[in-house]
1. What's the total number of residues in the range 113-126 that are closer than 14 Å to GLU24 by Cα and not in a helix (DSSP H, G or I)?
2. What number goes with the only condition from (1) under 18 Å from LEU42 (Cβ atoms); (2) at pLDDT below 95; (3) in contact with a helix residue (DSSP H, G or I) (Cβ under 7 Å, 6 or more places away or on another chain) that LEU76 does not pass?
3. So PRO51 ticks every box in (1) closer than 23 Å to VAL143 by Cβ; (2) surrounded by 15 or more Cβ atoms within 10 Å (Cβ to Cβ); (3) of a type outside the set (D, E, K, R); (4) without any contact (Cβ under 8 Å) to a residue 60 or more places away in the chain but one. Which box is left unticked?
4. Note down all Cβ pairs under 9 Å where the first residue falls in the range 60-75 and is free of Cβ contacts under 8 Å to residues at least 12 places away in the same chain and surrounded by fewer than 16 Cβ atoms within 10 Å (Cβ to Cβ), the second is of a type in the set (Ser, Thr, Tyr) and outside any helix (DSSP H, G or I), and they're at least six residues apart or on different chains.
5. Looking at the range 129-141, which of its residues are touching a helix residue (DSSP H, G or I) at 6+ places or on another chain (Cβ under 6 Å) and surrounded by fewer than 21 Cβ atoms within 10 Å (Cβ to Cβ)?
6. Looking at (1) buried (at least 17 other Cβ atoms within 10 Å of the Cβ); (2) in contact with a strand residue (DSSP E or B) (Cβ under 6 Å, 6 or more places away or on another chain), which is the one condition that is false for LEU38?
7. Return yes when PHE87 is surrounded by fewer than 21 Cβ atoms within 10 Å (Cβ to Cβ) and free of Cβ contacts under 8 Å to residues at least 60 places away in the same chain and no when it is not.
8. Before we move on, is ARG40 modelled with pLDDT of 95 or more, within 17 Å of VAL95 (Cα to Cα) and among the charged types (D, E, K, R)?
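The values are calculated or read from the model by the stated rules, or taken from the named source; none is laboratory data. Source: prediction; values computed, not measured. For neighbour counting, all protein chains shown are included, and Cβ atoms are generated from backbone atoms with ideal geometry for every residue, glycine included.
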Amino acid sequence: MDRQLTADDARQSLTAHVATKGAELHARYGARLDWNGLQRVLADRSLVRYPCEIVFDESLLLPGEFAHPEQKGPALEDGFTMAVHPFFLTRPDHVPALVLYQLVAVNYGGFASSEDAETFGAAALGITRDDYYALLCECADQVGGAPESGPDCGGGGCACGA
């Protein structure tokens, strides 16, 4: 008898997949991603499905956003502009973590959750999801916003209000 898959089954499968892809990125590129390493990651189609160009442009972001991908054209293959808040020009060591969080949206669209993005980014950097979330909160606080409140958010300096 065939088992009917549910939306929860698909979500669990995606979460496991992003964790595996994050670990693959970590194994291939290491935990200390710099600008050049990040560019290599963005060019790796086994990890990033569509071309991505990083721009430091606050006008492409909502108030309080640290980064956001914007599709360049009608086809996904046209690629994405990854807008990063210009504040992070002074904190280039944080840019990879911010971009990794957004790559889940590039790769999987609206089906991916903030938890999937945290799972991917943490695995890619070789850190715990809690440590990654704390880093994202610190970055969001620096530009007046916060990532979506996660289930583990304890409000420790995070602007999410929890």
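1. First pass over the range 113-126, keeping only residues closer than 14 Å to GLU24 by Cα: 119-126.
From what is left, the residues that are not in a helix (DSSP H, G or I) are 126.
Number satisfying all stated conditions: 1.
2. (3)
3. (1)
4. Hits for this filter: GLN71/TYR50; GLN71/THR81.
5. Of everything in the range 129-141, those that are touching a helix residue (DSSP H, G or I) at 6+ places or on another chain (Cβ under 6 Å) and surrounded by fewer than 21 Cβ atoms within 10 Å (Cβ to Cβ) turn out to be ARG129, LEU135.
6. (2)
7. Working: surrounded by fewer than 21 Cβ atoms within 10 Å (Cβ to Cβ): yes; free of Cβ contacts under 8 Å to residues at least 60 places away in the same chain: yes.
Here the answer is yes, as PHE87 does meet what is asked.
8. yes
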